[in-house]
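Below is one structure; the comments refer to it alone.
The values are calculated or read from the model by the stated rules, or taken from the named source; none is laboratory data. As the structure is a computational prediction, the values presented were derived from the model and not from experiment. Please note: Cβ atoms are built from the backbone with ideal geometry, for glycine as well, and neighbour counts cover all protein chains shown. SASA here: full protein model, heavy atoms, side chains in, ligands and nucleic acids out. Shrake-Rupley method; radii C 1.70, N 1.55, O 1.52, S 1.80 Å.
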Amino acid sequence: TTEIYTLSLHDALPIYYLKLDFNIREKDVRINDTIKYSTVLDYFQDIAGMQSDLENIGFTEIVKKGYYWILLYVKFEVVGKLPKFGDHVDVITWPKAHGKIEYEREYEIRNKNGDLIIKGISNWCLIDAKTRMLKRAEIEYRGELYPYTNYNEKCKRKLNLKEHDVIDEYKYKILINDLDHNMHMNNARYLDIIYNMGIDTTKAYKKLEIAFLHEAKLNEEVIVKYYKEDNINNFIGYLGDEKSFEVSIEYED
């Protein structure tokens, strides 16, 4: 880690964002040695959790209050050359001003020359630890005052995909190794399922969006249906008749 916590000043108010060094290891790359897209989500989750911990509103403190953090939606766009095995990158995050129940957060991944490679945004909420229902709570991040943004528009919650002309289906049973400390499948593992379907495994992404609609738990079976629209691959995951997640991937021309 080269830089753990960065303090800047804006209008005499402390503005906080977090910047960390990540070394891309063998487990983090695809078969062509470029970073896996699930690794991008791993990095986003790791740094978001670390900044929340620094603000005393991370997993441990939130559980004490009877809540869990839940990810609703994440998007990222590839705007530079993807890093490869052995590279070091800087991952940066900062929270945006929160709404009534939603907490948006932005991310950047930059190479060591400072060039932007990937930019992204996510939408989080709090749920009641017992009922698993959305919960309104007043949680403040000091970093909400950070003045810079790559995304002026409001974050999505759903993609509202409607399957048609399904090309392929894939079944996956949730394993213990897939779970996180909320006892449901970790958000990045959904992209591992997509990758293991073997569709365009080395093709370069331009933009990826994923919406998390219903949590998947141990031993449940997810059915993923894949269809295509022009240069976009769409995936809908089902638990029984209920949508579990939606993924939309736009490829480079």
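Structural remarks
- Amide hydrogen proximity for residue 66: with H placed 1.01 Å from N in the peptide plane, no residue at 5 or more positions away or on another chain lies under 5 Å.
- Alpha-carbon gyration tensor eigenvalues x 5, square-rooted, for region 131-253, Å: 26, 22, 14
- Using the alpha carbons alone, the radius of gyration of the chain stands to its Kirkwood radius in an Rg to Rh ratio of 0.95.
- Considering only 152, 131, 196, the residue lying farthest towards the positive end of the dipole of the chain is 131, judged by Cα position with unit charges set on Cβ.
- Choice from 54, 239, 116 showing the highest fluctuation, given a GNM over the chain with Cα pairs closer than 10 Å: 54
- Given charges at beta-carbon only (K, R positive; D, E negative), |dipole| of the chain in Debye: 400
- Probe 1.4 Å, accessible area per residue of the chain, Å²: 50
- Lys, Arg +1 and Asp, Glu -1 on Cβ, resulting dipole of region 42-164 about Cα centre, debye, nearest 20: 500
- Relative contact order, percent, the chain [alpha-carbon distance under 8 Å, six or more residues apart]: 18
- Which listed pairs, of 154/217; 19/119; 112/207; 112/156; 81/162; 65/96, have C-alpha distances above 24 Å, in listed order: 154/217; 112/156; 81/162
- Secondary-structure-derived ellipticity at 222 nm for the chain, considering helices only, amounts to -4000 deg cm²/dmol, per-run term -39500 (n - 2.57) for DSSP H runs with n ≥ 4.
- When only Cα pairs below 8 angstrom with a gap of at least 6 residues are kept, region 117-253 shows a relative contact order of 24 percent.
- In a fully extended conformation the segment linking residue 113 and residue 97 would gain 2.8 nm over its present Cα-Cα distance, using 0.36 nm per residue.
- Cβ-Cβ FRET estimate between residue 164 and residue 140, R0 fixed at 35 Å, reported to 0.05: 0.20
- For residue 246, solvent-accessible area (1.4 Å; no DNA, RNA or ligand), Å²: 0
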